[in-house]
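Engineer: Before we start, here is the structure in question, set down as structure tokens.
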């Protein structure tokens, strides 16, 4: 594994970080498209049976379909070194090219514009719908907190 590639994915630009992962804009050389790669931090992987449990649960996440949730294309696991028990684990999702919520809020604040309640609802309703859908599906599919913890923090910088 090199610093600029992870399997078939060429890391282009670091987008954001949260306690469990780093999000990258990457180029999928096999399918010739940009994707978002959510690379899990190694300390998240220390739980017993993490890898088999994560891979099982990730297959369920790939089946989620919602207009405000990026599609999951792939789940990758690569050894960091030959014969190493340590893996690089990542979710590969659809990349949405748009201004992030953080960028939008910063731009409006710089202009001295403060959002009216109606505008806040317009911005946050799709996000709330997506989070509600994820929670309903997680309960229905009985996913553990292991997988949901990968999505526990949604920084405004990745909300499109």
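Engineer: On a full-extension model of 0.36 nm per residue, what is the gain between residue 47 and residue 65, subtracting their alpha-carbon distance, rounded to one decimal in nm?
Structural biologist: Stretched out fully, the residue 47 to residue 65 stretch lengthens by 3.6 nm.
Engineer: Here's a follow-up. Is the stretch 1-116 rounded, prolate or oblate when judged by the Cα gyration tensor, a ≥ b ≥ c being the square roots of its eigenvalues, rounded requiring a/c under 1.5 and prolate requiring a/b larger than b/c?
Structural biologist: In terms of gyration-tensor shape, prolate.
Engineer: Could I ask something else about it? I want to make sure I understand the PRE zone here: with the label point 7 angstrom from the Cα of residue 136 toward its beta carbon, which residues in the stretch 53-74 have backbone N atoms less than 12 Å away?
Structural biologist: Counting backbone N atoms under 12 Å from the label point, the list is 65-67.
Engineer: May I pose another question? Sort 18, 43 so that the residue with the fewest other Cβ atoms within 10 Å of its own Cβ comes first and the one with the most comes last.
Structural biologist: So the residues, fewest neighbours to most, are 43, 18.
Engineer: Can I ask one more? If I model a spin label as a point 7 Å beyond the Cα along the Cα-Cβ vector, how far apart are those points for residue 128 and residue 96 in nm?
Structural biologist: 1.7
Engineer: By count of other Cβ within 10 Å, fewest leading, how are 62, 38 ordered?
Structural biologist: The order, fewest Cβ neighbours first, is 62, 38.
Engineer: Roughly how far apart, in whole Å, are the Cα centres of the stretch 86-120 and the stretch 45-75?
Structural biologist: So the separation of the two Cα centres works out to 23 Å.
Engineer: Taking the number of other C-beta atoms within 10 Å as the exposure measure, put 54, 42 in order starting with the fewest.
Structural biologist: 42, 54
Readers should treat all values here as calculations from the given coordinates under stated rules, not as data from a laboratory. Because the structure is predicted, anything quoted here is derived from the model rather than measured. Every residue, glycine among them, receives a Cβ derived from its backbone with ideal geometry; neighbour counts consider all protein chains shown.
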